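Colleague: Right, I'll just put the structure down here and ask away after.
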Amino acid sequence: MALKFRVELVWQDEKDTASSIYLTGDARVVLQGKAITDAERAQLSLPAGGAMISVDRAVIRAIKEML
Amino acid sequence: MFLRNYWYVAASGSDITRKPFGRIILGEPVVFYRTADGTPIALEDRCPHRRLPLSMGKLVSDDVLQCHYHGLRFDRTGACVRVPGQDMIPSDARVKRYTVVDRYKWLWIWMGDPAKADPAKIPDYHWFDDPNWGAQSDYLHAECNWQLVNDNLLDLTHLAFVHETTIGNMALVEHAAVRVQRTPTGVQVTRWIIDQPAPPAFVKIGGFTGNVDRWQIIDFQPPSYIRLDVGATPTGTGAPEGRRVGGIQMRNLNAMTPETETTTHYFWGQAHDFQPRNPEVTERVFQQIKTAFLEDVAVFSAQQKLIDLDPDAPQIDINADSGGIQARRINARLYAEEQASKTAAATAAE
């Protein structure tokens, strides 16, 4: 039976709040971020293909701290 | 691992009387009593002569505690004031005194640096003596490390399994959307169930005729204060935005005090805002939760037995552990800070 379980982790220090990191019942970690556009891919010479997002630095700090 | 510079619940206020009462707290023996005017006193529960617990003794004139073995007497500051059969009192004949405060019908003790004992830092458990709430508290002795209780209270999913026949059901796990918020001082685990039928117990208590918005909010403050805010209001009336009208609220209030590394004084209580002055309702609500808590206590002792058998046995973490893991990390950091500060103070003193 697939469990529809989801945990949202929110990390907040005195200055920053990192929202959101989702732990899902099917063992994924889903990050909330902003999709990278084709123009940004070209400008930053990012590899083609695959979905890409940019996330706030606070999210990365939170992942290191929380997971 | 014990955090010392915090307030801990030592006993129910009514447990402390003119009869000395002994209890181990953070690995230290402590004797409690009240002076003739009701002031609570806490002293080291170990006669410095032959180490008999002073709690086996009795109070004699002027609130002086007399050891049961050879009659040495100690005043409320812990100083020895009489040694039978001799005039001279050895200069180091004294026991440690602890700061204690009566609040929220519990007796709180400070086990750390006395200079840092600030009663303003006692966490809020006002529901126990708020006339707008009905409440009852209790004490359980848990045969486990105090952090196992923290883990349990910060995890909503065990309700479906440990409390299958009492307060849990599978819906709590299958459709759980849990938010774990790590704040600078603690952890908050939140779960909202919006526009769903009320569970039967809530219908009975709250008289709901339609769907409700339900919440379960667990607040952890280190080292081991855990307060659960649960309730329901008719759906769409604004509870998620903070307007709680026409519904019911309860608080499950917990404060764990380490006795030893493997045993815990578990103080808890249940408060409700419906029919607050009806003792029968208070008792019914309390007993329902107590049944569930006894199920938890059985789990704790079984866990601790296996931990003691092989402390290094591998352990995995799952999503549901997120709140407990954050609480453990905060406690580990605070412990490291306390130890570093102790070392720095010792170095400065040399």
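The values are calculated or read from the model by the stated rules, or taken from the named source; none is laboratory data. Keep in mind that this is a model prediction, so the values were computed, not measured. Using ideal geometry, Cβ is built from the backbone for each residue, glycine included, and neighbour counts are taken over all protein chains shown.
Colleague: Quick check: anything in the stretch A:52-59 among the charged types (D, E, K, R), away from chain B (no Cβ under 14 Å), farther than 21 Å from A:V10 by Cα and surrounded by 12 or more Cβ atoms within 10 Å (Cβ to Cβ)?
Modeller: no
Colleague: Okay, next question. Go through B:R227, B:R214 for me and flag whichever is part of a strand (DSSP E or B), touching a helix residue (DSSP H, G or I) at 6+ places or on another chain (Cβ under 9 Å), surrounded by fewer than 21 Cβ atoms within 10 Å (Cβ to Cβ) and in the same structural domain as B:A298 (by TED's automatic domain parsing).
Modeller: B:R227
Colleague: Tell me, which residue of the stretch B:194-211 that is assigned to a strand (DSSP E or B) and over 16 Å from B:G242 (Cβ atoms) is nearest to the other protein chains (Cβ to nearest Cβ)?
Modeller: Result: B:Q196.
Colleague: Residue by residue through the stretch B:297-350, note down the ones that are polar (S, T, N, Q) and either within 12 Å of chain A (Cβ to nearest Cβ) or surrounded by 11 or more Cβ atoms within 10 Å (Cβ to Cβ) (or both).
Modeller: B:S301, B:Q303, B:Q304, B:N319, B:S322, B:Q326, B:N331, B:Q339, B:S341
Colleague: Tell me yes or no: at least one residue of the stretch B:171-193 is modelled with pLDDT under 80 and more than 9 Å from every other protein chain (Cβ to nearest Cβ).
Modeller: yes
Colleague: Looking only at the stretch B:92-131, how many residues end up being in a loop (DSSP other than H, G, I, E, B) and of a type in the set (V, I, T)?
Modeller: Residues in the stretch B:92-131 being in a loop (DSSP other than H, G, I, E, B) and of a type in the set (V, I, T): 2 in total.
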